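The values are calculated or read from the model by the stated rules, or taken from the named source; none is laboratory data. The structure presented is a predicted model; accordingly, all values stated were derived computationally and were not measured. Every residue, glycine among them, receives a Cβ derived from its backbone with ideal geometry; neighbour counts consider all protein chains shown. Side chains included, ligands, DNA and RNA excluded: accessible areas come from the protein's heavy atoms. Shrake-Rupley method; radii C 1.70, N 1.55, O 1.52, S 1.80 Å.
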Amino acid sequence: MTAPARPVLTDVELTVLQGAAEGRTYATLGRQLSLTEKSVGNVAMRVIDKFDARSITHAVFLACRAGVLDGQRRRHGDHAGYAAHVYRGENPKECPYGCWEGERAYRTAQRAKAVTA
């Protein structure tokens, strides 16, 4: 399984996604954002499209898996990592969590330790 995508969301899209995660209705979100309920629904559809989800609930689930809602940026080591990508025949350079950059930094640090030791 590949790492979940982490799409770039606008502030309004993120607010709608967070509101959906908290169980708010589109009408409530519309009042909060000074938008019509239909406009909130359109924003939700953009969020659904960005996550390639089937519904706003599914988008919330995918956002949680991608670390969008908890505000935690995923780093090297937060998932199976570089070696797991290689083992599965995937390209670590395509990982949205930065496996390739993390692996390069790790190897550079290891080389530096070896030189100073």
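Okay, here's what the table says:
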{"read-out": "Residue list for the stretch 20-49, filter: free of Cβ contacts under 8 Å to residues at least 24 places away in the same chain, assigned to a helix (DSSP H, G or I) and β-branched (V, I, T)", "value": "T28, I48"}
{"read-out": "Candidate set from the stretch 1-25 (those that are open to solvent by less than 70 Å² (accessible area, probe 1.4 Å) and of a type in the set (S, T, Y)); member that is nearest to E94 (Cα to Cα)", "value": "T10"}
{"read-out": "Test: residue in the stretch 5-26 that is in contact with a Gly (Cβ under 7 Å, 6 or more places away or on another chain) and more than 16 Å from L69 (Cα to Cα)", "value": "yes"}
{"read-out": "Answer residue from the stretch 52-66, given it is at negative phi and part of a loop (DSSP other than H, G, I, E, B) and is surrounded by the most Cβ atoms within 10 Å (Cβ to Cβ) among those", "value": "A53"}
